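Just below is one structure, and these are the notes that go with it.
The values are calculated or read from the model by the stated rules, or taken from the named source; none is laboratory data. Keep in mind it's a predicted model, so treat the numbers as computed, not measured. Ideal geometry is used to build each Cβ from the backbone, glycine not excepted, and the neighbour counts take in all protein chains shown.
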Amino acid sequence: MADHLYPVPASWAAKSRMNAAERAADHALSLAAPGRYWLDRAARLDWFRFPTRADESSFDEADFQVKWFADGALNVSVNCIDRHLAGHGDDVAILWEPDDPAEAPRRFTYAQLHAEVCRLANVLKAQGVRKGHRVTIYLPMIPEAAFALLACARIGAIHSVVFGGFSPDALAGRIQDCDSSVVVTADHGRRGGKLVPLKANVDEALRQCTSVEAVVVVRATGGAVEMVPGRDVWLDEAVRHVAADCPAEPMNAEDPLFILYTSGSTGKPKGVVHTSGGYLLWASLTHELCFDYRRGEVFWCSADIGWVTGHSYIVYGPLANGATTLIYEGVPNWPDASRMWEVVDRHGVHTLFTAPTALRALMREGDDYVTGTSRKSLRLLGTVGEPINPEAWRWYHEVVGEGRCPIVDTWWQTETGAAMIAPLPGATALKPGSATLPMPGVAPELVDAEGRPVEGAGEGNLCITRSWPGQMRTVWNDHARFFQTYFSTYKGKYFTGDGCRRDEDGYYWITGRVDDVINVSGHRMGTAEVESALVLHAKVAEAAVVGFPHDIKGQGIYAYVTLNAGEEASEDLRKELRDWVRTEIGPIATPDAIQFAPGLPKTRSGKIMRRILRKIAEGDVSPLGDTSTLADPAVVEHLVDNRIIAE
Ligand code: ATP
Ligand code: MG
């Protein structure tokens, strides 16, 4: 059933940039002649000095480095703004939809974006920010967030965006790790009708941070905040004293553009460093190919700017391509579960790019919230962040997209900069739950536990055997950790940490993180598969599956299940679900324990924290490890109190 093929719709095939055979040929060329291929692709950007060298990376310990286009010079903000001004200055660059639907949206043309970014860049300069300095950005989803990223890029400062939902402690840790001299924040943020005290959080964080000399504050809500004289400045006041033009700093392709701390679902966050040339090329190329982007279309990526998805597909990819990008301040389910579809209708969104966690939450509320809206403008849907359960895929496809919009399931990581394995909507037939095929230049390899490559159809640990332009360059201040984390497990390869299956058609299926692959009586099983079977049941909204030590089987299966709105937990249902999984997958996959849970522990980017679920299932609940990135710690207490003792 999951392997059911959705062919490329005729309307997409007719206008696509490449068909399936051309995609395969393009991919083969990118691997066979990478130097020429990538220098050709580099021409999609505007350079001060065009590079003569492409990939100079090595994954071997002796001469380890990740390096691309090293003799090129460019400026990222020029590529995202200035180069569009001559022909497209009046095109809309940013559409902004406020949290509260009763308020008016805002829009900024490329010409206006230029002025906003230049002024903010000049304000940063006035606060002493220079090329190479770090600026921490702690903002809600307002247009100023995009301005701030681009303003840093303009003057060569390195931005570190910290998601507005993080606590003062988490913020402080991230400021200290990269020694930021300036923080850009807002008085308050708004999400789902609630205020988030961003400035107060910054004040608290800065009691632990000595590196910060200035705080630039956006007046977003007009709410009262304390301003520290000599340190804090209001952006709206500071811009009055600066020019509306700011020269763009020429940057080497390998100069850092930003640091972004990983979401922390598997451990202590790492400061992932991306550079100017390769990253921008990768974000812009994948945005064009995966979403078949054409000028004039409205592109909506619903991620937060605090995650890599927001960096690459709200700001850098779309703006480098002259797109109209939508920034939405709020959450998917406020004022109600129709909100996303109303935003689609209000702005005539062509492409929506969102996460499985949001889809599962909305699916749970029933179809009426969707079908009461038009959605006629939609032509393409995308997903990222976790394996998408085929059930959620089909709901997205049939209910949201009315069967006419292809679904682009993009597999990638903070570390990879942008999409790595993904369908091209005009070229790739789809299978629900598979991210399909590698992007140009991407060389995936599945290896067994000993590091031996798995040929043809099979399953293993997902590695990438050669560098690609958008690869992270280092862990900030810890190059040894970079090598250790990603290149020491399998010699000469980048190890993603994900398990993966390749089918007879060469399609890739992410089975979950390798840590989450369970071994039941010698059968290896991806947690994603069992979860998808559970979610397929009409009463189940969400499921998380982990392994626990089992005397006889080696590992047993422990499932946490959240039911749809209005469904009751019961012993009968527990039995029904066990039988259900047995029928769907087979007896080997029958859960040993099913715990009904009103909520699952998630990171602030909405990913299930399986590390914690594993500990609870193992009965090892005293040291749960770093829980600072949890969105709602109360969820964990409930789980611990209601733990099942599995036989
Ligand atoms: P951390 O690295 O801090 O533990 P994280 O891995 O959740 O956190 P991200 O870089 O945001 O941080 O997420 C990348 C991971 O998300 C991938 O390694 C993969 O496990 C999962 N993922 C992302 N997109 C997909 C997808 N389309 N299908 C399956 N899994 C995906
Ligand atoms: Mg990760």
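In the stretch 403-451, the qualifying residues are those that are within 11 Å of ligand 1 (Cβ to nearest atom) and of a type in the set (A, V, I, L, M), and the one that is surrounded by the fewest Cβ atoms within 10 Å (Cβ to Cβ) is 407.
Which ones in the stretch 293-312 are away from ligand 1 (no atom under 14 Å from the Cβ) and either modelled with pLDDT under 95 or touching a strand residue (DSSP E or B) at 6+ places or on another chain (Cβ under 7 Å) (or both)? The answer is 293, 297, 298, 299, 300, 302.
Meeting the requirement of 3 or more residues that are exposed (fewer than 13 other Cβ atoms within 10 Å of the Cβ), the helices (runs of 4 or more DSSP H) wholly within the stretch 567-647 are 571-584, 633-641. Of the strands (runs of 3 or more DSSP E) lying entirely inside the stretch 71-160, those containing at least 1 residues that are buried (at least 24 other Cβ atoms within 10 Å of the Cβ) are 92-97, 134-138. Among the conditions (1) away from ligand 2 (no atom under 16 Å from the Cβ); (2) among the aromatic types (Phe, Trp, Tyr); (3) within 21 Å of residue 274 (Cβ to Cβ), the only one that residue 328 does not satisfy is (3).
Restricting attention to the stretch 346-375, the residues that are polar (S, T, N, Q) and closer than 22 Å to residue 568 by Cα total 1.
A Cβ distance below 7 Å, combined with a sequence gap of six or more or placement on separate chains, defines the contacts here; from the stretch 412-423, residues that are in contact (Cβ under 8 Å) with a residue 60 or more places away in the chain and more than 12 Å from residue 287 (Cβ to Cβ) reach residues that are of a type in the set (S, T, N, Q) and within 13 Å of ligand 2 (Cβ to nearest atom) in the pairs 413/496; 414/262. Of the residues screened, residue 21 is one that is assigned to a helix (DSSP H, G or I) and over 26 Å from residue 79 (Cα atoms).
Give me the pairs, please: first residue somewhere in the stretch 516-545 and in a strand (DSSP E or B), second residue anywhere and among the aromatic types (Phe, Trp, Tyr), beta-carbon distance under 8 Å, and either six or more positions apart or on two chains. Note: pairs meeting the criteria are 543/560; 544/560; 545/558; 545/560. Any residue in the stretch 554-568 that's in contact (Cβ under 8 Å) with a residue 12 or more places away in the chain: show its pairings with residues that are of a type in the set (Asp, Glu) and in a strand (DSSP E or B) at Cβ separation under 6 Å, as long as the two are six or more apart or on different chains. Here the result reads 562/542, each pair linking the stretch 554-568 to a residue that is of a type in the set (Asp, Glu) and in a strand (DSSP E or B).
Within the stretch 341-355, is even one residue among the β-branched types (Val, Ile, Thr) and either without any contact (Cβ under 8 Å) to a residue 24 or more places away in the chain or more than 16 Å from residue 101 (Cβ to Cβ) (or both)? So far as the stretch 341-355 goes, yes, one or more of its residues are among the β-branched types (Val, Ile, Thr) and either without any contact (Cβ under 8 Å) to a residue 24 or more places away in the chain or more than 16 Å from residue 101 (Cβ to Cβ) (or both). Residue count for the stretch 28-55, restricted to those that are closer than 17 Å to residue 67 by Cα, exposed (fewer than 15 other Cβ atoms within 10 Å of the Cβ) and in contact with a helix residue (DSSP H, G or I) (Cβ under 9 Å, 6 or more places away or on another chain): 2. All of 436, 489, 465 fail the test of being of a type in the set (S, T, N, Q) and within 16 Å of ligand 2 (Cβ to nearest atom), apart from 489.
Applying the criterion of being more than 11 Å from ligand 1 (Cβ to nearest atom), in contact with a Gly (Cβ under 6 Å, 6 or more places away or on another chain) and among the hydrophobic types (A, V, I, L, M, F, W, C) to the residues of the stretch 476-522, the residue that is farthest from residue 132 (Cα to Cα) is 518.
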